[in-house]
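Single-structure report; data block below.
Read-outs: derived from the displayed coordinates by stated rules, not from any lab. Source: prediction; values computed, not measured. Don't worry about glycine lacking a Cβ; one is built from the backbone with ideal geometry, like all the others, and counts go over all protein chains shown.
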Amino acid sequence: MAFSWPVRVYWEDTDAGGVVYYANYLRFLERARSEWLRGLGFEQDRLRDREGVVFVVRRVEIDYLAPARFNDALEVSVEPGATGRASLTVTQTIRRGPTRLAQANVKLACVEAVSFKPARIPATILLATGLAP
């Protein structure tokens, strides 16, 4: 199930030419993933405190297809994909209207909050995302 989150491009997100600086796309992706989890009922600080786990980015592959500019209204989607015992891959797309600006595959690792060793993804998250076997 895909999730979408609106993002507005602020001046601080752009370079001197008013174009979004490439690294800021990663911030937009992160915000959408946080809101996706929140929308499923999982606050990240509660996951850390109650379940003892956090999600960290292990790998990002991103294709920049067209520039976003100052004051653009964007939509950032999150679509869960493959899972492992301690990993989850999501596909994310940044759009301005019908135009795809960036496409990313993000592999998240579930780790113990204290030791940062791999940890099993809580079953409640797998059920909520529809990824449970």
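The figures follow:
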quantity	calculated
Using a Förster distance of 22 Å, the FRET efficiency for Ala82-Glu12 (Cβ separation, nearest 0.05)	0.05
Computed E for Ser4/Tyr64 - FRET, C-beta separation, R0 22 angstrom, nearest 0.05	0.65
Relative contact order, percent, the chain [alpha-carbon distance under 8 Å, six or more residues apart]	28
Cβ charges +1 (Lys, Arg) and -1 (Asp, Glu), total dipole of segment 3-129, debye	320
Separation of the Asp45 and Asn105 label points, Cα + 7 Å toward Cβ, nm	3.5
